[in-house]
1. Can you name the residue in the range 57-79 that is of a type outside the set (A, V, I, L, M), touching a strand residue (DSSP E or B) at 6+ places or on another chain (Cβ under 6 Å) and free of Cβ contacts under 8 Å to residues at least 24 places away in the same chain and is also surrounded by the most Cβ atoms within 10 Å (Cβ to Cβ) among such residues?
2. If only one of D105, D157, D142 is farther than 19 Å from Q91 by Cα and in contact (Cβ under 8 Å) with a residue 24 or more places away in the chain, which one is it?
3. Among the strands (runs of 3 or more DSSP E) contained in the range 80-134, which hold 2 or more residues that are modelled with pLDDT under 95, on the phi < 0 side of the Ramachandran plot and surrounded by 14 or more Cβ atoms within 10 Å (Cβ to Cβ)?
4. For the range 158-188, which positions are under 16 Å from V107 (Cβ atoms) and part of a loop (DSSP other than H, G, I, E, B)?
5. What do you reckon, is P155 over 20 Å from the mean Cα position of the chain (by Cα), within 25 Å of L187 (Cα to Cα), outside any strand (DSSP E or B) and not β-branched (V, I, T)?
6. For the range 60-78, check the following and say yes or no: at least one residue is more than 19 Å from L144 (Cβ to Cβ) and over 17 Å from the mean Cα position of the chain (by Cα).
7. Exactly one of these conditions fails for L144: (1) surrounded by 15 or more Cβ atoms within 10 Å (Cβ to Cβ); (2) under 24 Å from the mean Cα position of the chain (by Cα). Give me its number.
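The values are calculated or read from the model by the stated rules, or taken from the named source; none is laboratory data. Everything numeric here is computed off the predicted structure, so don't read it as measured data. Cβ sites come from the backbone with ideal geometry, for glycine too, and all protein chains shown count toward neighbours.
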Amino acid sequence: MSTTEPAQPPEADVPREAPPPAPRRSARWRLALASLGGGLLLAVSALIGTAGWAVGSEAGSTWLLTRLTGVLPWLQVTAPRGALLGDFSAQRVQINLSGHAGAGDRVVITELSWRALAVRPSDVPSLWAHLRFAELHAARVDVLITPTPGPMKPPADLALPLQLDVDDLRIAALHVSGLGDELLRNLH
């Protein structure tokens, strides 16, 4: 008589594989944060690239000035050419001092051009930026101020939040409406 052991099913001989470990929460969070950080980096890079294109190329500057007309109705630029940063010219630039489009106090600059505009942060904490022009020229500047009854009051402050450096400034003709019909010519 032989004793035989009962046959065991074949799968009992094969060692079982351990189930895969459940993903750790910290790994999921790291992946989510890395994805979010990568997305933000991509968005910031796209924004910086678009801003650089908008002020550093003729097509970008024309696009930007067209869009600004809707946002800044007090600024009108006619026939812009060139890049805002660098060399630029415009047939006519009108700045409405009242803050909206239409008649009123305004400055009209005819045949405005500049060469080698550079912008950098200002060294002075209260100023936004330092603008440097190699050349800034205009064929004519008209300052059109509506007369008011009584004596004119001088402005309390002429300070701009910008630091300006112009190596070569030329205005062929300057007309200020409140000073009569005389033109100041060949200002350097």
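1. T62
2. D105 is the lone residue from the list that is farther than 19 Å from Q91 by Cα and in contact (Cβ under 8 Å) with a residue 24 or more places away in the chain.
3. 88-96, 106-115
4. Correct list: L158, L160, L183.
5. Working: over 20 Å from the mean Cα position of the chain (by Cα): yes; within 25 Å of L187 (Cα to Cα): yes; outside any strand (DSSP E or B): yes; not β-branched (V, I, T): yes.
Judged against the criteria, P155 is a match.
6. no
7. (2)
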